[in-house]
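Some notes on the structure that comes next.
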Amino acid sequence: MKLNKTLLLLALASSCMQLFAQKQQTAAASKRPNIVIIISDDHAYQTISAYGSKLMKTPNIDRIANEGVRFDKAYVTNSICGPSRAVILTGKYSHKNGFRDNESSVFNGDQDSFAKQLQRGGYQTAWIGKWHLESKPQGFDFWQVLPNQGQYFNPDFDMMDGSKKRIDGYVTNVITDEAENWLDKRDDSKPFCLVIGHKATHRVWLPDTADLGRFDKVNFPLPANFYDTYQNRKAAEIQDMSIEKTMLMGYDLKMFGSDDKENKDGNFSRMNAAQRAKIDAYYKPIEAQFNVLNLQGKALTEWKFQRYMRDYLSTATSLDRNIGRTLDYLDQHGLSKNTIVIYLSDQGFYMGEHGWFDKRWIYEESFRTPMVMRYPGMVKAGTVSNRFVMNLDIAPTVLDAAGLAIPKDVQGISMLPALKNQADKGRQVLYYHYYENGEHSVSPHFGIRTKRYKLIRFYKRVAGWELYDLQKDPHEMDNKYGKKGYGTITADLYKELNRQINKFEDKDALQILKDR
Ligand code: CA
């Protein structure tokens, strides 16, 4: 009998403690921050005023940086659209999450992700806009995504019930509208995580009609290495992503040569009559003038560069304006104080450096990405961070902020401890691996970047090594691999590359090194 009484008391005590723990959890949950992650596509840090760009003003991205932290050394693990999103979702490198390239990969949505973890932890989750992972989103209470790359005008969306929905308007405005609609309807008893995936500023840089001609009076300076001849850099020499040779007069620059060709272009044929009239009223006189000029050689290449810059920056104007709309929504609904806002691009982009557009390379302009974060109460306004962070760190950072455990197999690092503790040096080396071997003819490669050096191993299309001293050669024009005086540093970097490959268990890279 005595034993039974003791058991009863123990059981009572235990259930009381459980109740207490539950109450504590509810209290913690109500204080947990909301999370808004805005991911743009191909948005170059060189065009963002927070990063010192003189090309245009981006007041709303700048606002996030001014009210939070600007990461000046933010990088991606694999500089291309789909793979970057898979890395962001999972916190794992491409060889672990399985989505290596845009040509053949399909994301296995059954694997774990920060969205699933947040959902299990009591968050309401949504992804709206560009997704580009070729399988249905999982881990989201709501999703509404652009099929593949999506369209700039009157975009179609894949809906949760399997239907397609076309929404009239310009894609960046429409995605922001739909994000607001979801926020209006959400269950406000729970914290939320909303990912807004913008299509802008992806090729073909088609601006909103409201932004046409915004940069027409500007003559943009050519980057110093615009006429790069790629000496001693075989992979760079054989690429197919130059403004001169690759950028198309019709598809990219909207100079179609005939109405018939323009009508056949999918981006144009889907516009309604009013949109088309405005677009034509802008581009047709430019084309007529271009035809009179009859440009050749460098004059033609530089004309293409100016047109590229104007279209790209006009498209980015709408992106920044719509980021401002999302910030305003949070203000107007009393959400700003308890909401983390992260803005990043899926990678960087070339604005004529090396003569290029596009991305893919471990070279700085595509490897580095813009990333800013506002986290009231945690991050001091106006913080500038020079630590190495990556898109790999988004998943563990949001889990950390939500007070959830970071699974052991996540390869990224929460950015929060280093922001709290300035003495924390964080990551010292960045590891990169690009796989795609198709469009734009960029050879697959992997490599590391330290604070000063970069060691790169190309394979498949080109087999070879490159070494850069970023202190002496920030534009990566002078490949020092195999040059006199660089033996010791090369050996050290080679060891470090091996360490990184082993650390992240990149078996393919390890095999390539063994075969050399
Ligand atoms: Ca991209």
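Every number in this text was worked out from the coordinates using simple rules, so none of it is lab data. A quick note: this is a predicted structure, and the numbers were derived from the prediction, not measured. Cβ: placed from backbone, ideal geometry, glycine included. Neighbour counts: every protein chain shown.
Using equal-weight Cα scatterers in the Debye expression, the normalised intensity of the chain in log10 at q = 0.11 Å⁻¹ is -0.97. Only aspartates and glutamates eight or more places from Lys185 in sequence, or on another chain, were considered; those with a Cα closer than 20 Å are Asp141, Asp158, Asp161, Asp177, Asp328, Asp331. Would you compute the Debye intensity of region 404-460 from its alpha-carbon atoms alone, equal scatterers and no solvent, and pass along log10 I(q)/I(0) at q = 0.21, 0.22, 0.28 Å⁻¹ to two decimals? Ignoring solvent entirely, the Cα scatterers give -0.92, -0.94, -1.11. What residues qualify as long-range amide H neighbours of Gln124, i.e. H under 5 Å apart, gap of 5 or more or another chain, H built at 1.01 Å from N? Those lying under 5 Å, H to H, from Gln124 are Phe192, Cys193. The ellipsoid that matches the Cα gyration tensor of region 439-514 has semi-axes, each √(5λ) in whole angstrom, of 20, 16, 11, with the longest given first.
Extension gain, Asp168 to Leu248: 0.36 nm times the residue separation minus the Cα-Cα distance gives 26.1 nm. Among Leu146, Leu295, the ranking by other beta carbons within 10 Å of each residue's beta carbon, starting with the fewest, stands as Leu295, Leu146. Going from the residue with the fewest nearby Cβ atoms within 10 Å to the one with the most, Glu353, Glu237, Glu287 rank Glu237, Glu287, Glu353.
Just to be sure I understand the model, the point goes 7 Å from the Cα along the line to the Cβ. What's the resulting Glu287 to Gln306 distance in nm? The modelled label-to-label distance comes out at 1.9 nm. From helices alone, the chain scores -11500 deg cm²/dmol at 222 nm; the rule is -39500 (n - 2.57) for each run of n ≥ 4 DSSP H residues, then divide by the residue total.
Excluding Thr315 itself, what net charge comes from residues whose Cβ is under 13 Å from its Cβ, given Lys and Arg +1 and Asp and Glu -1? Local net charge: 0. Counted by neighbouring Cβ atoms within 10 Å, the residues Asp311, Asp158, Asp216, Asp110 run from fewest to most as Asp110, Asp216, Asp158, Asp311. Annotation: lysines with alpha-carbon distance below 17 angstrom to Lys264 (same-chain offsets under eight excluded): Lys254, Lys284.
The string of couplings for region 425-436 from the Karplus curve (6.51, -1.76, 1.60, θ = phi - 60°) is 7, x, 5, 9, 9, 9, 10, 9, 8, 10, 10, 4 Hz, one whole number per residue in order, with x for Gly and Pro.
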